[in-house]
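Q: Right, I'll just put the structure down here and ask away after.
The values are calculated or read from the model by the stated rules, or taken from the named source; none is laboratory data. Just so we're clear, the structure is a prediction, and the values are computed from it rather than from any experiment. When we count neighbours, we look across all protein chains shown, and the Cβ atoms used for this are built from the backbone with ideal geometry, even at glycine. Remember, those area values only see protein heavy atoms, side chains included, never the ligands or the DNA or RNA. Shrake-Rupley method; radii C 1.70, N 1.55, O 1.52, S 1.80 Å.
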Amino acid sequence: MKTASNSIKRSLAIGAIALAAASLSQGNALSQETTQINLISAPFGTGSYVMGSALEEISKKSDIGVTITHSESPGFVFNIKKLDNEPELKTNTIVGSGGGVQGLAKAGVEPFDKKYPGFKLIANYNLNSSWLATLDKNIKTIEDLKGKKVAVGRRAQINWAIQPVAILRDGWGLSDKDVNIQYVGTKESVDALLDGTADAAIVGGYIDPVSDRMMLSPQTIEFLASGRNPHHLDWGADMVTKAREAGVSMANVTIPAGVDPTITEPMAGFADSVAWMVAPEFPEEVAYKVTKLILDNIEQFGEYQATGKLMSPKGMIYGWDPEDIHPGALRAYREAGLID
């Protein structure tokens with residue numbers, strides 16, 4: 001009996017070891033099947049930062065075998081330079097970017113110190129538009145900003161600093177000697193306007209390129225909730241065109257009246273795509289899975305931020321040619337019937 005008992009114990013022990021080994025093997029297999037991808041977006045508090053966090057959370061809830069880890073960055077210019085300086089990141093990193101900053105990078109013009117290879121589109125998640133607001137009743141047009149302090153985003157922020165300054169410079173002909181540009185950040189710019197250390201500040205929001213619906217950015221909403229009565233400055237369609245022809249990519253758009261009660265009439269403005277992009281070296285299958293993830297869960301983005309409700313399948317590729325889209329993403333769009 002004792003011998004039989006020992007035999008049973010040995011059998012049970014062997015079985016337990018085998019089960020543990022199988023479980024460990026299965027766990028290792030699952031771990032190997034999950035691809036870890038980095039996403040660097042924009043400064044904390046911006047719409048791009050929130051949308052990047054949303055994509056991270058959605059990826060963690062999915063079973064596509066790709067997990068995205070999101071972190072903030074100083075801005076889109078920084079993202080391009082970082083992948084150039086650290087080429088090993090090109091195969092596992094998604095970056096916040098857009099058409100405007102891509103054009104500057106490829107041309108090698110300020111704020112870039114050389115020509116940089118272009119990235120490929122995964123998906124637009126917004127179309128960004130910004131303009132200047134003031135609390136000074138004597139500032140009625142852009143021309144009235146001569147001799148004034150204008151607060152904008154950080155130098156590396158394409159939509160909140162580079163493009164607006166380009167319109168001032170190349171559109172309206174206002175040089176640094178004419179206007180005191182303060183590169184302080186998005187939230188900091190409206191704070192400066194409220195506390196009187198700036199005469200005008202950058203505000204704005206996001207437009208659905210398909211329906212033309214618009215939502216204001218977080219710092220703009222906070223600013224307008226202050227109870228002050230700002231005046232919003234029209235960029236002028238011709239001035240936007242001049243800035244684009246001078247070399248800074250952007251599109252003419254109309255800011256709709258009523259997006260806020262203080263915007264009583266439509267304004268001529270500009271817009272730029274705000275997108276998730278990757279280097280050409282990024283794996284095709286991973287790009288396909290990430291694009292499918294966004295398409296299949298597009299309605300969830302609105303649960304994380306109001307601007308997510310502006311996303312649409314057609315809007316994800318709005319303004320881009322097929323050759324600008326990563327091959328893996330292009331396959332997903334063709335399967336969805338969005339591109340021939």
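Q: Look at VAL109 and say whether it is assigned to a helix (DSSP H, G or I), over 21 Å from PRO283 (Cβ atoms) and in contact (Cβ under 8 Å) with a residue 40 or more places away in the chain.
A: It is false that VAL109 is assigned to a helix (DSSP H, G or I), over 21 Å from PRO283 (Cβ atoms) and in contact (Cβ under 8 Å) with a residue 40 or more places away in the chain.
Q: Further question on the same structure: Given (1) in contact with a Gly (Cβ under 6 Å, 6 or more places away or on another chain); (2) in a loop (DSSP other than H, G, I, E, B), where does GLY308 come up short, assuming only one miss?
A: Single failed check for GLY308: (2).
Q: I'd like the full set of residues that are in contact (Cβ under 8 Å) with a residue 12 or more places away in the chain, surrounded by fewer than 21 Cβ atoms within 10 Å (Cβ to Cβ) and of a type in the set (A, V, I, L, M, F, W, C), limited to the range 246-260.
A: Answer for the range 246-260, where residues must be in contact (Cβ under 8 Å) with a residue 12 or more places away in the chain, surrounded by fewer than 21 Cβ atoms within 10 Å (Cβ to Cβ) and of a type in the set (A, V, I, L, M, F, W, C): ALA246, ALA251, VAL259.
Q: Among the residues of the range 94-106, how many are open to solvent by less than 50 Å² (accessible area, probe 1.4 Å) and either over 18 Å from ILE40 (Cα atoms) or among the hydrophobic types (A, V, I, L, M, F, W, C) (or both)?
A: The qualifying residues number 6.
Q: Let me ask another. Return yes or no: is VAL253 part of a strand (DSSP E or B), at pLDDT below 90 and aliphatic (A, V, I, L, M)?
A: yes
Q: Of all the residues that make up the range 175-197, how many are closer than 14 Å to ILE221 by Cβ, open to solvent by 40 Å² or more (accessible area, probe 1.4 Å) and hydroxyl-bearing (Ser, Thr, Tyr)?
A: Number satisfying all stated conditions: 0.
Q: When the residues of the range 73-93 are filtered to those that are among the charged types (D, E, K, R) and more than 15 Å from MET277 (Cα to Cα), which remaining residue is most open to solvent (accessible area, probe 1.4 Å)?
A: GLU88
Q: Further question: Could you list all residues from the range 65-86 that are without any contact (Cβ under 8 Å) to a residue 40 or more places away in the chain and not hydrophobic (A, V, I, L, M, F, W, C)?
A: Hits for the range 65-86 are THR67, THR69, HIS70, SER71, GLU72, SER73, ASN79, LYS81, ASP84, ASN85, GLU86.
Q: Within the range 278-286, is even one residue closer than 23 Å to GLY75 by Cα, under 19 Å from the mean Cα position of the chain (by Cα), in a helix (DSSP H, G or I) and of a type outside the set (A, V, I, L, M)?
A: No, the range 278-286 contains no residue that is closer than 23 Å to GLY75 by Cα, under 19 Å from the mean Cα position of the chain (by Cα), in a helix (DSSP H, G or I) and of a type outside the set (A, V, I, L, M).
Q: When the residues of the range 180-200 are narrowed to those that are in contact with a Phe, Trp or Tyr (Cβ under 9 Å, 6 or more places away or on another chain) and among the β-branched types (Val, Ile, Thr), which ends up farthest from ILE139 (Cα to Cα)?
A: Result: THR186.
Q: Give the range 153-200 a look and list any residue that's β-branched (Val, Ile, Thr) and either more than 20 Å from ILE80 (Cβ to Cβ) or part of a loop (DSSP other than H, G, I, E, B) (or both), or say none.
A: Passing the criteria: ILE167, VAL179, ILE181, VAL184, VAL190, THR197.
Q: Among the residues of the range 40-62, what is the count of those that are touching a residue at least 24 places away in the same chain (Cβ under 8 Å) and either under 18 Å from ASN297 (Cα atoms) or open to solvent by 50 Å² or more (accessible area, probe 1.4 Å) (or both)?
A: 12
Q: Under 7 Å between Cβ atoms, at least 6 apart or on separate chains: pull out the pairs that start in the range 324-335 with a residue that is among the hydroxyl-bearing types (Ser, Thr, Tyr) and end on any residue that is outside any helix (DSSP H, G or I) and open to solvent by 20 Å² or more (accessible area, probe 1.4 Å).
A: From residues that are among the hydroxyl-bearing types (Ser, Thr, Tyr), the pairs are TYR333/ILE339.
Q: Applying the selection to the range 311-340, what residues are in a helix (DSSP H, G or I) and either within 25 Å of GLY205 (Cα to Cα) or open to solvent by 30 Å² or more (accessible area, probe 1.4 Å) (or both)?
A: Correct list: GLY315, MET316, ILE317, PRO322, GLU323, ASP324, PRO327, ARG331, ARG334, GLU335.
Q: Out of the range 293-310, which residues are in contact with a helix residue (DSSP H, G or I) (Cβ under 9 Å, 6 or more places away or on another chain), open to solvent by 70 Å² or more (accessible area, probe 1.4 Å) and within 21 Å of ASN38 (Cα to Cα)?
A: If the condition is that a residue be in contact with a helix residue (DSSP H, G or I) (Cβ under 9 Å, 6 or more places away or on another chain), open to solvent by 70 Å² or more (accessible area, probe 1.4 Å) and within 21 Å of ASN38 (Cα to Cα), then TYR304 is the only one that fits.
Q: Okay, moving on. Starting from the range 180-191, take each residue that is closer than 16 Å to SER130 by Cα and list its partners that are outside any helix (DSSP H, G or I) and among the hydroxyl-bearing types (Ser, Thr, Tyr), counting only C-beta distances under 7 angstrom and pairs at least six apart or across chains.
A: Here the result reads THR186/THR46, each pair linking the range 180-191 to a residue that is outside any helix (DSSP H, G or I) and among the hydroxyl-bearing types (Ser, Thr, Tyr).
Q: Out of the range 36-50, which residues are at pLDDT 95 or above and touching a helix residue (DSSP H, G or I) at 6+ places or on another chain (Cβ under 8 Å)?
A: If the condition is that a residue be at pLDDT 95 or above and touching a helix residue (DSSP H, G or I) at 6+ places or on another chain (Cβ under 8 Å), then ILE37, ASN38, LEU39, ILE40, SER41 are the ones that fit.
Residue-wise test of (1) over 23 Å from the mean Cα position of the chain (by Cα); (2) surrounded by fewer than 19 Cβ atoms within 10 Å (Cβ to Cβ); (3) closer than 21 Å to LEU168 by Cβ.
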| residue | (1), (2), (3) |
| --- | --- |
| GLU222 | no, yes, no |
| PRO230 | yes, no, yes |
| TRP235 | no, no, yes |
| THR241 | yes, yes, yes |
| THR262 | yes, yes, no |
| GLU265 | yes, yes, no |
